Amino acid sequence: MSNRYANRSHVVKVIFIVVGVLFVGRLAMLQLFSPKYRELARQQSLRPVTQYPARGFIYDRHGELLVHNEAVYDLMVVPRMVPKDFDVDYFCRSLSITRDEYDERMRKAKKYSSYAPSIFMKQISKEEYAKFENKMFRFKGFYISQRTLRIYDRPIAAQVLGYVGEVDQRDLDRDPYYKRGDYIGKSGLEKSYEEVLRGIKGKKIMHVDVHNREVGPYQGGAFDTLPVEGCNLYTSLDADLQEYAEQLMANKRGCVVALEPSTGEVLAMVSAPTYDPNLLVGRVRGENYRRLDSNLSTPMLNRALMGQYPPGSIFKVAQAVTALDLGVIQPGSGFVCDKSLVGCHNHPSARSVQEAIKMSCNPYFYQVYRRVIQQGKYKNIYRDSQYGLTVWHDYMLRFGFGQKLPIDLPRNGMSTGNIPDTAFYNRWYGRERWAFSTIYSNSIGQGEVTVVPLQMANLAAIVANRGYYITPHVVRYYGPDSVQDEEYRTRHETGIDRQYFDIAAQGMFDVVHVAGGTGRRARVDGLDVCGKTGTAQNSRDDHSVFIAFAPKDNPRIALAVYVENARGGGGSWAAPIAGLIIERYLNGEVKRKDVEQMYREINPCQPPLPRKKKK
């Protein structure tokens with residue numbers, strides 16, 4: 001009997017030992033080996049806080065601040081640390097949000113991670129933060145992370161400066177530097193110089209108490225790293241000129257590109273209509289972005305880089321120097337203004353290249369282009385035209401046409417324009433089924449030729465420099481060491497004799513200053529303005545085009561002005577706008593106040609007012 005009870009006692013002891021071992025083993029698993037609970041325990045006492053660096057400032061060419069930073073606060077949450085008895089209603093009242101908004105934000109946070117911090121509410125202003133700062137101890141699981149917000153001092157150059165937005169999945173996949181909730185340059189200089197502007201993030205590890213309050217750095221900050229602020233950008237933009245050009249392009253669609261010919265620096269780049277860059281800052285950014293993006297006038301499109309337009313008669317300048325360099329015409333070559341070949345306005349026949357540029361004679365450049373395309377190298381007219389077009393195409397590339405000029409702005413979406421080659425026409429018409437008579441419209445900047453406004457301004461700079469250009473760029477240098485890309489110091493030679501550019505420059509001078517010139521409205525007293533008008537045919541109203549540089553000798557500005565659907569042609573709209581911009585830049589002020597006011601206020605795209613009936 002006693003043996004039977006003794007056996008039972010052994011069984012009970014074994015059961016207790018097994019249960020004890022199971023408990024000890026489970027505790028060991030939870031406390032020593034489980035990463036889940038080890039991470040939770042760590043988060044109960046330690047909080048890693050990202051230290052965001054100050055983003056670099058952006059200045060204009062005179063040192064005026066264009067873009068700076070303002071402190072804002074992100075409310076972060078670690079969902080696992082939010083207690084079950086959390087007072088959601090009080091929390092929502094403190095932040096002025098609804099319960100539905102709270103639930104939706106918590107759902108997104110948990111979807112990301114229950115253990116890692118994520119943004120619950122972003123970009124809280126200093127004023128908003130001050131209202132609930134002293135209540136933060138009641139919001140266990142939540143804490144504040146400070147960052148900076150971009151502020152644009154003047155509502156100008158939106159498409160050039162660009163904007164900053166929250167990273168998306170493509171950004172996260174492309175660069176491990178970024179984490180969910182980080183911000184990145186999305187367009188303009190903010191995007192193309194992102195790695196320069198962003199700086200380097202730092203981190204500090206903080207001890208927190210049971211009330212979610214920071215009580216000090218972990219191990220005296222031994223594992224903390226300091227953020228490194230981003231580098232400043234010093235741009236070539238002239239803020240006053242940029243603002244003035246935007247005012248002149250108000251109520252219009254089109255663009256202005258102004259360059260300093262000797263350096264390739266962009267003085268102003270306007271795409272109209274434009275918008276205030278401050279609209280894409282802060283929590284209202286998303287709503288404003290959708291509104292701007294759906295606007296039929298496409299204010300977010302940078303027409304200066306993305307627009308592809310027929311150049312019209314400004315293209316004749318490139319045609320002239322090309323033909324002169326090839327020797328198919330001479331400076332004194334004259335052609336009859338034969339309107340049976342191609343339409344033209346009324347003027348005397350041009351007796352020289354200089355006069356042809358001044359009067360913008362279409363039949364003259366028809367003959368010029370024919371001599372370039374049909375050089376008589378082959379008896380077969382089709383083979384001869386293919387040879388001539390190949391030579392012509394090579395010359396056009398030297399001017400920067402038909403390619404993306406490598407400006408320091410984002411090139412995704414940037415247009416190349418179109419300079420058709422033999423392959424283009426062979427696909428279109430078939431091999432040896434086209435000749436000069438098929439493609440003569442290219443002679444006057446119509447047909448299959450299209451160019452980008454930046455390329456137009458670059459053409460003006462090439463003539464101003466008498467045969468070369470430096471790649472257009474917006475940033476002069478950046479950082480304390482004044483870094484500049486070598487690309488933006490290199491001369492690109494056209495290989496065309498300087499004397500032919502002298503002829504083109506004199507012809508462009510006559511366009512503005514001599515009777516019979518088509519750009520007299522660009523004239524500015526006391527300044528030697530050289531220009532060329534263009535009227536680009538369009539399915540709707542024609543576009544108004546003008547390129548110019550000034551002064552004639554030692555030029556300081558070269559520009560292109562393109563006004564879409566403007567009745568009256570290049571001399572009526574683009575030329576006077578260009579003249580005002582040149583006057584403002586070179587003289588510092590505009591004395592022709594009546595002209596200035598008219599072109600600020602008028603809208604060329606509006607239909608003319610109906611005539612009043614006579615009584």
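The values are calculated or read from the model by the stated rules, or taken from the named source; none is laboratory data. In this text, all values refer to a predicted model and were calculated from it rather than measured experimentally. In this analysis, Cβ positions are derived from the backbone assuming ideal geometry, glycine residues included, and neighbour counts consider all displayed protein chains.
With the structure loaded, tell me whether Gln446 is without any contact (Cβ under 8 Å) to a residue 12 or more places away in the chain, touching a strand residue (DSSP E or B) at 6+ places or on another chain (Cβ under 8 Å), under 28 Å from Val256 (Cα atoms) and not assigned by TED's automatic domain parsing to the domain that holds His62 or whether it fails that test. Considered against the rule, which asks whether it is without any contact (Cβ under 8 Å) to a residue 12 or more places away in the chain, touching a strand residue (DSSP E or B) at 6+ places or on another chain (Cβ under 8 Å), under 28 Å from Val256 (Cα atoms) and not assigned by TED's automatic domain parsing to the domain that holds His62, Gln446 comes out as no. Tell me whether segment 419-428 contains one or more residues that are of a type in the set (Ser, Thr, Tyr), free of Cβ contacts under 8 Å to residues at least 24 places away in the same chain, surrounded by fewer than 17 Cβ atoms within 10 Å (Cβ to Cβ) and more than 23 Å from Ser271 (Cα to Cα). No: segment 419-428 contains no residue that is of a type in the set (Ser, Thr, Tyr), free of Cβ contacts under 8 Å to residues at least 24 places away in the same chain, surrounded by fewer than 17 Cβ atoms within 10 Å (Cβ to Cβ) and more than 23 Å from Ser271 (Cα to Cα). Counting only residues that are in contact (Cβ under 8 Å) with a residue 12 or more places away in the chain and either part of a strand (DSSP E or B) or farther than 23 Å from Asp182 by Cβ (or both), segment 98-125 holds 8 of them. Within segment 572-597, residues that are over 15 Å from Ile557 (Cα atoms) reach partners that are among the small types (Gly, Ala, Ser) with beta carbons closer than 6 Å, at six or more positions or on different chains, in the pairs Trp573/Ser544; Trp573/Ala566; Ala574/Ser544. The residues of segment 137-160 that are modelled with pLDDT under 85 and assigned to a helix (DSSP H, G or I) amount to a single one, Phe137. Scan segment 487-504 and give yes if some residue there is modelled with pLDDT under 95 and charged (D, E, K, R), otherwise no. Yes; the residues of segment 487-504 include at least one that is modelled with pLDDT under 95 and charged (D, E, K, R). None of Gln330, Gln319 is within 30 Å of His492 (Cα to Cα), surrounded by fewer than 16 Cβ atoms within 10 Å (Cβ to Cβ) and polar (S, T, N, Q) except Gln330. Tell me, yes or no, whether segment 371-385 has at least one residue that is free of Cβ contacts under 8 Å to residues at least 24 places away in the same chain, in contact with an Asp or Glu (Cβ under 9 Å, 6 or more places away or on another chain), surrounded by 14 or more Cβ atoms within 10 Å (Cβ to Cβ) and more than 30 Å from Gly185 (Cα to Cα). For segment 371-385, residues free of Cβ contacts under 8 Å to residues at least 24 places away in the same chain, in contact with an Asp or Glu (Cβ under 9 Å, 6 or more places away or on another chain), surrounded by 14 or more Cβ atoms within 10 Å (Cβ to Cβ) and more than 30 Å from Gly185 (Cα to Cα): present. I'd like the residue in segment 474-510 that is of a type in the set (Gly, Ala, Ser) and in a helix (DSSP H, G or I) and, out of all such residues, is surrounded by the most Cβ atoms within 10 Å (Cβ to Cβ). Here the residue is Gly507. Selection of helices (runs of 4 or more DSSP H) fully inside segment 350-403 by the criterion of at least 2 residues being outside the structural domain of Ile444 (by TED's automatic domain parsing) and not hydrophobic (A, V, I, L, M, F, W, C) returns nothing. The lone criterion from (1) of a type in the set (Gly, Ala, Ser); (2) at pLDDT below 95; (3) under 28 Å from Thr390 (Cβ atoms) left unmet by Gly327 is number (2).
Test Tyr102 against the stated conditions and say whether it is modelled with pLDDT of 90 or more, surrounded by 15 or more Cβ atoms within 10 Å (Cβ to Cβ), closer than 22 Å to Ile58 by Cβ and aromatic (Phe, Trp, Tyr). Answer is no for this residue. Only one of these conditions is not met by Ala323: (1) in the same structural domain as Ala245 (by TED's automatic domain parsing); (2) free of Cβ contacts under 8 Å to residues at least 60 places away in the same chain; (3) out of contact with any helix residue (DSSP H, G or I) (no Cβ under 8 Å at 6 or more places or on another chain). Which number is it? Answer for Ala323: the failing condition is (3).
Could you tell me which residue of segment 590-615 is nearest to Gly570 (Cα to Cα), considering only residues that are at pLDDT 55 or above and basic (Lys, Arg)? By that ranking, first place goes to Arg600. Restricting the first member to segment 130-144 and to residues that are of a type in the set (A, V, I, L, M, F, W, C), and the second to residues that are outside any loop (DSSP other than H, G, I, E, B) and surrounded by fewer than 18 Cβ atoms within 10 Å (Cβ to Cβ), the beta-carbon pairs closer than 6 Å and six or more apart or on different chains are Phe132/Ser94.
Taken as a whole, the condition of being in the same structural domain as Pro453 (by TED's automatic domain parsing), of a type in the set (Val, Ile, Thr), free of Cβ contacts under 8 Å to residues at least 60 places away in the same chain and within 20 Å of Ala356 (Cβ to Cβ) does not apply to Val545.
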